[in-house]
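Read through the structure below, which is laid out as structure tokens, and then see the notes.
The values are calculated or read from the model by the stated rules, or taken from the named source; none is laboratory data. Computed from a prediction, not measured in an experiment: that's the story for all the values here. For neighbour counting, all protein chains shown are included, and Cβ atoms are generated from backbone atoms with ideal geometry for every residue, glycine included. Calculation scope for accessible area: heavy atoms of the full protein, side chains included, ligands and nucleic acids excluded. Shrake-Rupley method; radii C 1.70, N 1.55, O 1.52, S 1.80 Å.
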Amino acid sequence: MSELIPVGSFQGMKSLNKSAILNIVRQYGPISRAKIAKLTKLTPPTVTNLVGELIESRLVVESTLGESTGGRKPILLRINSSAFYVVGLYAGAKRLKAVTANLDGNVLAQVEMRYQANQTSEQFLQTLETAVENVMQATQKPKESFLGIGVGMHGLVDPEQGFSLFAPHLNLRNIPIKFRLEKKFQLPVEVENDVRAQALGESWFGKGVGIPNFICVHVGTGVGAGIIINNKLYRGTSFTAGEIGHTTIDSNGPKCSCGNYGCLETMVGGGALARRAQQAIRLGKESILEEWVQGDLDEINGEMLCKAAQLGDSVAAEVLADTGRYLGIGLANLINTLNPALIILSGGVSKAEDYLLKPLLNTLEKRALTKPANAVRIVISELGENSIAIGAFTLVLNKLFTPSGLSDAVNDSLI
Ligand SMILES: [Zn+2]
């Protein structure tokens with residue numbers, strides 16, 4: 001196994017030109033050396049040398065013969081996608097999900113774990129370590145073939161230090177995720193906010209492929225957005241860009257966990273939906289939900305509302321329609337500010353598409369300026385339950401394939 005990339009670093013990938021070539025092969029492979037030289041503007045001997053090193057590291061392999069333009073048929077190169085693997089972790093509000101994937105992003109194994117009640121940071125980190133161990137084992141590949149671990153962590157994250165600054169649903173602060181996992185597994189670890197990681201996953205494997213400017217909006221227990229500008233994740237000055245859950249929709253609205261009133265999260269988050277359904281029932285409206293929870297209205301949750309609406313429950317349908325309108329206000333603000341080509345909706349709320357999308361689009365029509373509103377498409381994510389875990393391992397792939405500005409510059413000129 002001596003030809004493998006040294007474990008614990010991307011040492012074999014340090015050359016900017018090499019990663020530029022690797023990214024070209026990923027995006028356009030199978031591709032000839034001559035075509036790579038043309039696209040990267042590197043000289044043919046440089047390309048031949050660097051491709052030689054990439055083949056030696058087993059990241060690239062020679063595959064089929066291409067069409068000849070006169071002389072010998074060129075040998076085409078492709079990514080050796082099944083020689084290496086990456087791990088993606090989603091540390092959500094209530095549970096932990098771990099997946100492994102090959103370099104094409106195909107998921108090979110997954111495990112799910114629950115947290116201990118009232119856990120400490122140490123217990124949380126131990127659960128992360130166990131999840132990584134279990135999913136690597138389930139993948140049944142040699143340890144040396146794993147290239148890195150990506151973590152999509154809910155709450156505020158410092159991606160440069162790999163710290164969770166504040167995990168509101170676990171009530172934990174300053175968790176050194178990167179440090180601990182790197183120490184334990186001797187692999188590079190990337191940590192990012194969950195929705196921002198998902199946005200990157202969407203741009204590699206989801207509805208955002210080939211779209212330079214889009215926003216991924218996750219509406220679940222919490223509400224957040226990941227913003228892609230010019231094919232790059234936009235983090236903001238102190239890594240909080242996209243916290244749309246805490247933009248004000250109604251200054252007289254309910255109190256939010258952040259201390260303000262009427263934040264978007266208090267109007268469209270899972271808790272808000274349950275609260276509005278409870279209020280309607282308490283005011284005497286009839287609903288199947290009351291039967292389902294046997295009178296204990298505190299048990300009502302967002303998932304139940306979707307099911308009840310499908311069965312024709314008018315309270316549930318009304319709550320979801322209101323949610324669509326509020327979300328429409330939030331998205332109109334985003335659209336007027338950033339003028340994206342696409343908004344990808346994900347999270348529990350996207351399951352209520354049938355009841356929510358129409359009032360949402362009506363609100364956008366009224367509130368977003370005509371030009372940006374006409375330019376934007378609103379779609380539902382298709383990455384499914386693993387969307388954030390997929391985003392998490394994409395953090396590692398992104399680092400491997402585009403660790404510098406150079407390859408991005410090459411990308412930009414190709415788009
Ligand atoms: Zn708030």
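What the table shows:
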item: Test result for residue 202, part of a strand (DSSP E or B), more than 20 Å from residue 120 (Cβ to Cβ), of a type outside the set (Val, Ile, Thr) and touching a residue at least 24 places away in the same chain (Cβ under 8 Å); result: no
item: The stretch 59-108, residues that are over 21 Å from residue 390 (Cβ atoms) and small (Gly, Ala, Ser); result: 63, 66, 68, 70, 71
item: Identity of the residue in the stretch 76-115, assigned to a loop (DSSP other than H, G, I, E, B) and free of Cβ contacts under 8 Å to residues at least 40 places away in the same chain, that ends up farthest from residue 130 (Cα to Cα); result: 80
item: Residue in the stretch 159-174 that is within 12 Å of the ligand (Cβ to nearest atom), in contact with a Ser or Thr (Cβ under 8 Å, 6 or more places away or on another chain) and either open to solvent by 20 Å² or more (accessible area, probe 1.4 Å) or not in a helix (DSSP H, G or I) (or both) present; result: yes
item: Filter pass, residue 69 being open to solvent by 70 Å² or more (accessible area, probe 1.4 Å), modelled with pLDDT under 90 and assigned to a strand (DSSP E or B); result: no
item: Enumeration of residues in the stretch 362-389 that are farther than 20 Å from residue 213 by Cα and out of contact with any Lys or Arg (no Cβ under 9 Å at 6 or more places or on another chain); result: 365, 366, 367, 384
item: For residue 138: the one exception among (1) more than 16 Å from residue 88 (Cα to Cα); (2) small (Gly, Ala, Ser); (3) surrounded by fewer than 18 Cβ atoms within 10 Å (Cβ to Cβ); result: (1)
item: Residue 147 vs. criteria surrounded by 19 or more Cβ atoms within 10 Å (Cβ to Cβ), among the aliphatic types (A, V, I, L, M) and not in a loop (DSSP other than H, G, I, E, B); result: yes
item: Test: residue in the stretch 197-218 that is among the acidic types (Asp, Glu), open to solvent by less than 40 Å² (accessible area, probe 1.4 Å) and within 16 Å of the ligand (Cβ to nearest atom); result: no
item: Every residue from the stretch 224-275 that is within 13 Å of the ligand (Cβ to nearest atom), open to solvent by 10 Å² or more (accessible area, probe 1.4 Å) and β-branched (Val, Ile, Thr); result: 240, 244, 247, 248, 249, 266
item: Number of positions in the stretch 21-66 that are open to solvent by 80 Å² or more (accessible area, probe 1.4 Å) and aliphatic (A, V, I, L, M); result: 1
item: Residue satisfying all of: in the stretch 276-301; assigned to a helix (DSSP H, G or I) and among the charged types (D, E, K, R); farthest from the ligand (Cβ to nearest atom) among these; result: 291
